[in-house]
1. How do Asp62, Asp240, Asp39, Asp413 stack up against each other in accessible area, from largest to smallest, with a 1.4 angstrom probe?
2. Under a cut-off of 12 Å between alpha-carbon atoms, report the aspartates and glutamates in cross-link reach of Lys126, not counting same-chain residues fewer than 8 places apart.
3. Using the Karplus curve 6.51 cos²θ - 1.76 cosθ + 1.60 with θ = phi - 60°, work out ³J(HN,Hα) for each residue of the range 234-245 in order, rounded to whole Hz, and write x for Gly and Pro.
4. For a quick size check, give me the Cα extents of the range 108-258 along its three principal axes, largest first, whole Å.
5. Counting only the heavy atoms of the protein chains, how much of Tyr148 is accessible to a 1.4 Å probe, in Å² to the nearest 10?
6. Taking θ = phi - 60°, what integer Hz values does the Karplus form 6.51 cos²θ - 1.76 cosθ + 1.60 yield along the range 376-388, in sequence order, with x for Gly and Pro?
7. Please report, in debye to the nearest 20, how large the charge dipole of the chain is about its Cα centre when each Lys and Arg carries +1 at its beta carbon and each Asp and Glu carries -1 there.
8. Here are several values of volume of the Cα convex hull per residue in Å³: (1) 176; (2) 129; (3) 160. Which one was derived from the coordinates shown?
Amino acid sequence: MNRSQKFLGITLMASLLCGFTPMQSEAKEYKIGGMYTYDYHDGRHADWGEYELHAAKMAIEDINASGMLGGNTLNMPPELVIDYHCWPEGAAEKARSLLKQNIVALTGVDCSGPAVLIAKEAEKFKTPVVSVGANAASLSSPTEFPYYYRNVTPSTKYEGYLLEVAKHYDIKEIALFHTTDAWGSGAAAVILNEAAKLGIEVKASYGYSRNTPVEEVQKRMAAVKELGIKSIFITMPTPDTVIAFRTLTNLGMNQPGYSLFAAEMTSADERPDAINGAFGYLAPMTKLVPSKALDEFAARFSKKIGKKVDMNSKAFFYGVLSYDHMMALGLAMKNVQDQKLEMNGDTLMASLRALSFDGLSGRQNLAPGTNDREIMAVEIMNCQGYKEDGKTVRFVPVGFVDSVTGKLTIEEDKILWPGKTSTPPNR
């Protein structure tokens with residue numbers, strides 16, 4: 001198994017793989033299934049899921065055009081793509097409908113709560129799930145999830161850094177809001193554990209189910225206001241995060257002296273009553289290292305969707321990760337073919353677990369004994385309201401974590417805090 005394949009950019013595949021001789025005299029089309037989120041359960045559009053699907057299709061086009069699989073090709077036809085709305089209920093059944101279609105892998109699976117159910121269903125069919133973005137810590141074990149591969153690190157690598165930012169600003173107490181799904185509960189456990197290590201008191205903690213109405217959340221947020229807690233952590237999927245931000249607007253809590261931290265970035269077109277409450281909050285995201293290949297991808301992607309992409313947007317980050325997760329599948333399949341092995345779930349999972357290559361989002365390989373990407377740089381993003389157009393949310397990178405040393409660097413002069421002030425809390 002070649003562990004040092006080098007992905008050199010968007011148009012590199014022919015040169016990377018020249019000289020490949022097909023194993024088969026007749027070309028074969030491998031079908032793959034897709035479970036992507038381009039509309040949330042509540043009907044709102046998920047721009048990041050739309051970007052994921054576009055990017056995944058671009059990767060398939062590049063895999064096929066490059067001859068990576070010899071005369072064989074990948075195909076993810078529309079009838080094998082399901083919008084599962086980032087929602088657990090019915091996710092296993094939807095996955096089953098695709099797994100019955102003789103697919104070699106199930107891709108996308110971008111939300112953690114449903115990913116747990118989908119991965120368990122795929123295990124019954126011995127079909128790999130190649131996931132983008134589902135970073136719940138509960139998905140880390142290859143023993144518990146033997147047919148699951150993801151190209152992200154677990155959430156424990158994200159929320160912990162937010163607490164380090166809080167520690168840097170001498171924040172002593174926080175309130176925690178989290179959902180009780182697999183992802184929200186796991187992230188909350190990280191917050192509670194890391195806060196204790198850093199000497200930060202979680203003075204109030206509220207857990208509730210997804211899609212809890214804004215009126216119910218607002219009662220909890222009002223209690224936080226009454227207690228005088230001015231630092232708030234929110235660990236839940238994006239739609240529920242937005243509901244929490246709306247309560248901050250309703251209660252007039254986005255004021256100087258407050259600090260807000262959330263595990264999710266909002267979409268670029270989020271509504272004003274959410275962004276007014278979200279102004280100044282900090283969120284972790286994959287750090288994309290500038291490169292010619294990344295610029296070329298952005299240009300191609302802009303042309304594909306008919307508008308210029310914001311390279312600091314949540315949607316673009318997930319588009320890049322999606323391209324890489326599909327490329328990982330293609331390279332793993334190539335390795336199976338190179339070894340003249342039968343293409344099945346077991347050989348493909350073995351290849352995915354041994355895979356190592358440089359993608360658009362950096363080095364892609366799993367940490368030994370886990371389902372987790374070993375090295376993944378993290379960036380701290382700051383919500384600074386709307387851009388000049390008055391309708392597109394602006395996120396600015398204000399810090400980063402070294403992917404090797406784990407050291408957090410904060411660019412303090414770039415941060416805008418709640419209340420539209422540059423003055424940090426406690427200063």
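The values are calculated or read from the model by the stated rules, or taken from the named source; none is laboratory data. Small disclaimer: the values here were computed from a predicted structure and weren't measured. As a convention, Cβ positions derive from the backbone with ideal geometry for all residues, glycine included, and neighbour counts pool all protein chains shown. Just so you know, the surface numbers come from the protein's heavy atoms only, side chains and all, with ligands and any DNA or RNA stripped out. Shrake-Rupley method; radii C 1.70, N 1.55, O 1.52, S 1.80 Å.
1. Sorted by accessible area, descending: Asp413, Asp39, Asp62, Asp240.
2. Qualifying aspartates and glutamates at Cα under 12 Å: Asp346.
3. In residue order, the calculated couplings are 10, 10, 6, x, 3, x, 6, 4, 4, 4, 4, 5 Hz.
4. Extents along the principal axes: 52, 33, 18 Å.
5. 0 Å²
6. 8, 5, 10, 10, 9, 9, 10, 6, 10, x, 9, 6, 4
7. Numbers: 45 positive and 49 negative charges, 73 e Å.
Dipole size: approximately 340 debye.
8. (2)
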